[in-house]
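Here the structure comes first, spelled out in structure tokens, and everything after it is commentary.
The values are calculated or read from the model by the stated rules, or taken from the named source; none is laboratory data. Keep in mind it's a predicted model, so treat the numbers as computed, not measured. Glycine also receives a Cβ, built like all others from the backbone with ideal geometry; neighbour counts cover every protein chain displayed. For the accessible areas, the whole protein counts, side chains as well, though only heavy atoms, and no ligand, DNA or RNA atoms are used. Shrake-Rupley method; radii C 1.70, N 1.55, O 1.52, S 1.80 Å.
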2 protein chains.
Amino acid sequence: MEALIRRLQEFHVVEPLAVEAIEVAFTELTLPKYELLVEQGKTCRHLYFLEKGALRGFYTLDGKEVTHWFGFENDFVTSFHSFITQQSAVENIQLIEGSVLRAISKEQLTALLNRFPSVERLLRIAYENYYIRLEERYVNAHFRSAAERYEDLLARQPHIIERVPLGQIAAYLGITQETLSRVRSKY
Amino acid sequence: MEALIRRLQEFHVVEPLAVEAIEVAFTELTLPKYELLVEQGKTCRHLYFLEKGALRGFYTLDGKEVTHWFGFENDFVTSFHSFITQQSAVENIQLIEGSVLRAISKEQLTALLNRFPSVERLLRIAYENYYIRLEERYVNAHFRSAAERYEDLLARQPHIIERVPLGQIAAYLGITQETLSRVRSKY
DNA sequence: GTTGGGCTTTGACAAAAGTCAAATTACAGT
DNA sequence: ACTGTAATTTGACTTTTGTCAAAGCCCAAC
């Protein structure tokens with residue numbers, strides 16, 4: 001639990017009463033590898049904090065799974081579009097390792113926001129952070145070659161290599177597995 | 001001014017007192033074509049609402065300007081990374097038409113957020129919306145061919161074709177001008 | 001109407017990445 | 001240690017996109 005609170009306070013420090021309420025609102029759950037947290041077509045009703053483990057987001061395209069995103073320790077994860085609009089999700093989120101998570105429902109989050117303006121502020125700041133990160137990823141995907149993006153990934157998240165199969169990393173980078181394999185063979 | 005308030009209330013309705021304060025905080029400015037709203041290397045101190053006109057965000061890469069984004073009527077625009085962190089911007093924002101804008105400074109925005117929890121909520125919801133839109137753009141850029149993305153763009157923002165030179169649209173789609181021209185020649 | 005500069009198209013070729021198939025390697029379960 | 005499956009690499013070939021250069025087109029200024 002401390003990890004979650006610590007991560008939240010990196011965005012914005014809130015009063016003890018709010019911390020308590022947050023602690024109560026999040027439920028711990030331990031799930032095995034391959035478990036689906038979010039399923040295409042279903043509505044995603046929770047926001048998760050990944051305390052330990054790893055997971056991926058993927059689409060199905062022409063019958064193939066295309067991973068477009070990974071989450072690791074201390075990440076907040078959900079299918080944003082689905083969680084926010086409460087419409088059905090267009091992606092799947094699946095554990096790629098046995099993981100420990102904390103979950104909060106949309107309703108509980110709304111209740112927290114109504115009760116504590118400080119939590120509203122925290123969430124606003126969290127969005128700012130996540131928005132900037134996404135923007136960076138977007139620009140990278142747009143303006144850099146496969147090789148550059150791979151080196152970037154290695155520099156930022158070296159652990160990803162040991163924890164995720166190559167095909168999924170390739171999809172994340174927006175290239176095929178074979179191309180990535182060739183990029184790697186040239187160091 | 002009504003356009004700005006109307007757009008804001010689409011996110012979240014706030015009390016009259018907050019509306020008044022928002023109206024006071026935003027300054028109207030009219031600027032000519034080619035004017036730079038944000039300059040690479042300088043800190044972006046304002047958030048803008050584009051009331052009338054059009055603009056683009058661009059990077060310089062190997063001495064060339066690469067447009068990665070457009071803004072039109074009723075868009076909120078700023079160099080997010082720079083505005084939020086108050087570090088120097090990595091991109092430029094330039095008017096591509098003479099435009100009417102409303103600007104609010106970082107300090108004024110912070111003051112509004114401290115005074116009105118309802119504005120904090122409004123901003124949080126605005127971020128949710130903008131985050132989802134960016135995510136969509138990201139997935140599109142990642143998983144669709146040049147031709148598909150062009151058709152998408154035509155469907156969503158048909159006016160862009162008349163208002164923006166082809167080379168900039170191509171950059172926005174992540175392809176060269178020549179490739180886009182060839183895509184178009186096949187209807 | 002002519003001129004000149006930006007914008008767009010076209011052509012020829014090069015480079016990057018994709019596809020399909022086969023070969024190799026890694027590794028979990030027995 | 002052996003086996004079988006999944007993951008990764010390699011090869012041959014195709015498709016897509018990029019690059020560079022040369023027209024062609026549009027339109028505003030003279």
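Points worth noting:
- Per-selection Rg to Rh, the protein assembly as shown - Cα, Kirkwood hydrodynamic radius: 0.96
- For peptide B:75-87, the mean count of partner chain Cβ atoms within 10 Å of a residue's Cβ comes to 2.
- Kirkwood Rh and Cα Rg combined as Rg over Rh, evaluated for the range B:38-128: 1.00
- Over chain B: Kirkwood hydrodynamic radius from C-alpha pairwise inverse distances, Å: 17.7 Å
- Close amide-amide hydrogen proximity is noted between A:Leu37 and A:Ile93, A:Gln94, A:Leu95, each under 5 Å apart and 5 or more residues distant or on a separate chain (H modeled in the peptide plane; Pro and chain starts excluded).
- Derived scalar couplings between HN and Hα for the range A:64-72 equal 9, 8, 10, 6, 10, 5, 10, x, 10 Hz in order, rounded to whole Hz, by the Karplus curve 6.51 cos²θ - 1.76 cosθ + 1.60 (θ = phi - 60°), x for Gly and Pro.
- Other copies of A:Asp152: label-to-label distances in nm, shortest first, labels 7 Å along the beta-carbon direction: 1.8
- Charge tally for B:Pro117 (other residues, Cβ to Cβ under 14 Å; Lys, Arg +1; Asp, Glu -1): +3.
- Sequence of B:Glu20, B:Glu135 when ordered by accessible area, the most exposed leading, probe 1.4 angstrom: B:Glu20, B:Glu135
- Once the partner protein chains are put back, the range B:99-134 shows a loss of at least 30 square angstrom of accessible area, versus the chain by itself, at B:Glu120, B:Arg121, B:Arg124, B:Tyr127, B:Glu128, B:Tyr131, B:Ile132, B:Leu134 (probe 1.4 Å, ligands and nucleic acids excluded).
- Residue-normalised accessible area of the protein assembly as shown, given per residue in Å² at a 1.4 Å probe: 49 Å²
- For the range B:81-123, convex hull volume per residue from C-alpha positions, Å³: 102 Å³
- Accessible area that becomes buried as A packs against B, both chains, 1.4 Å probe, Å², nearest 100: 3300 Å²
- Of the solvent-accessible surface of the protein assembly as shown, computed with a 1.4 Å probe and all protein chains present, 52% belongs to carbon and sulfur.
- Sorted shortest first, the separations between the A:Glu35 label point and its copies elsewhere in the assembly read 5.6 nm; each point sits 7 Å from Cα along the Cα-to-Cβ line.
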